[in-house]
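Comments concern the structure below.
The values are calculated or read from the model by the stated rules, or taken from the named source; none is laboratory data. Since the structure is predicted, the reported quantities are computational estimates derived from the model, not experimental observations. Cβ atoms come from the backbone with ideal geometry, glycine included; neighbour counts cover every protein chain shown. Side chains are part of the model used for accessible areas, which takes the heavy atoms of the whole protein and leaves out ligands, DNA and RNA. Shrake-Rupley method; radii C 1.70, N 1.55, O 1.52, S 1.80 Å.
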Amino acid sequence: MIEVESLSKVYHMGEQKVNALNEVEFCIAKGEFVAIMGPSGSGKSTLMNLLGCLDLPSSGNYRLEGMDIQNLNPNQLAEVRNRRIGFVFQNFNLLPRISALENTELPLIYGRVPKATEIALQALERVGLAQRANHRPTELSGGERQRVSIARALVNRPAIILADEPTGNLDSITGREIMKLFLELNQEGVTLILVTHEKDVAQQASRIIQMRDGKIISDKLNGVQPC
Ligand code: ADP
Ligand code: MG
């Protein structure tokens with residue numbers, strides 16, 4: 001599903017160059033659950049942004065479901081991002097002034113999908129939050145906010161969910177509930193790539209990739225064979 005070859009990302013800061021990602025290579029099969037670990041600044045979020053088509057590599061190839069992502073124009077990239085990928089972030093990234101339901105509907109509205117409200121309500125039900133549909137994010141707990149952001153990630157039935165430290169702002173009990181939800185989604189066939197600092201979170205993955213200084217320093221299985 002995902003094939004990455006010599007993927008590099010260089011950020012230019014005035015005169016300075018930052019090699020955030022340095023010739024990374026791997027592939028991820030459909031249905032895998034991969035945890036990405038590594039110290040702060042090792043390139044984890046840079047890699048997630050590339051995998052999520054939020055940004056393009058400086059060099060190298062990224063093939064997603066057979067599409068050569070580095071050759072797509074901005075409109076095509078936005079389409080792939082909206083249709084095939086669900087994002088979950090550490091800080092939830094919900095819009096504060098609109099309800100849980102309206103936040104969940106957003107990707108459907110951008111994609112001009114009919115019956116947005118109905119689909120969004122189903123997604124909120126899926127994450128156990130239908131009864132909070134009309135609450136704004138400020139009226140929800142951290143765990144509930146993260147459930148809304150997972151519902152929002154699910155509405156377009158993405159092939160892949162990318163989660164960047166999704167339990168980083170949650171207490172350990174709430175974090176475990178969120179992980180249970182991710183595991184269920186993975187068992188339903190969603191490919192899951194999750195960045196975490198927490199060993200017990202990573203241990204639930206079928207594969208753990210360790211990064212340092214923009215490189216993969218280890219890529220170990222926990223049972224499932226990668227492609
Ligand atoms: P991680 O998520 O593992 O903490 P990042 O991918 O965020 O690491 O960052 C990797 C490196 O790239 C760091 O040195 C960081 O400072 C740098 N970096 C990340 N994003 C940018 C950016 N937009 N502009 C310049 N440098 C960046
Ligand atoms: Mg990061």
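Applying both filters, DSSP loop and at most 15 other Cβ atoms within 10 Å, to the GluC sites (Glu not before Pro) of segment 1-57 gives Glu15. So if R0 is 30 Å, what FRET efficiency would Asp55 and Lys199 give, r being the distance between their Cβ atoms, rounded to the nearest 0.05? Approximately 0.60, to the nearest 0.05. Note on the chain: helix-only mean residue ellipticity at 222 nm, from DSSP H runs of 4+ residues weighted -39500 (n - 2.57) and normalised by residue number, equals -9500 deg cm²/dmol.
Annotation for Ser40 and Arg157: the two label points, set 7 Å from Cα along the Cα-Cβ direction, are 4.1 nm apart. What segment 62-217 shows is 50 Å² of accessible area per residue, with the surface traced by a 1.4 Å probe over protein heavy atoms. Once both labels are positioned 7 Å from their Cα atoms along Cα-to-Cβ, the gap between Ser141 and Ile217 label points is 3.7 nm. A simple charge model with +1 on the Cβ of Lys and Arg, -1 on the Cβ of Asp and Glu and nothing else charged puts the dipole of segment 70-164 at about 120 debye relative to its Cα centre. Debye-formula intensities of segment 8-142, expressed as log10 I(q)/I(0) at q = 0.12, 0.14, 0.20 Å⁻¹, are -0.64, -0.84, -1.24 (one equal scatterer per alpha-carbon, no solvent). The eigenvalues of the Cα gyration tensor, multiplied by 5 and square-rooted, give segment 162-227 an equivalent ellipsoid with semi-axes of 20, 16, 10 Å from largest to smallest. Determine the shape class of segment 50-121: with a ≥ b ≥ c the square roots of the Cα gyration tensor eigenvalues, call it rounded for a/c under 1.5, and otherwise prolate if a/b is greater than b/c, oblate otherwise. The shape class here is prolate. Looking at segment 95-227, the DSSP beta bridges with both ends there are about 55 percent antiparallel.
The base-10 log of I(q)/I(0) for segment 3-52, evaluated at q = 0.31 Å⁻¹, reads -1.35 [Debye formula, identical scatterers on Cα atoms, solvent excluded]. Can you say what percent of the DSSP beta bridges in the chain, counting only those with both residues inside, are antiparallel? Round to 5. Here the antiparallel bridges make up roughly 55 percent for the chain. Spin-label model, Lys17 to Val113: label points 7 Å out along the Cα-to-beta-carbon direction sit 4.1 nm apart.
Taking the Cα atoms of segment 90-168, the ratio Rg/Rh between the radius of gyration and the Kirkwood radius comes to 0.93. In segment 142-160, which residues have a backbone nitrogen under 18 Å from the label point lying 7 Å from Lys180's Cα in the Cα-to-Cβ direction? Only 142-151 pass the distance filter.
Inverting the pair-averaged 1/r between distinct Cα atoms of the chain gives 18.0 Å as its Kirkwood hydrodynamic radius.
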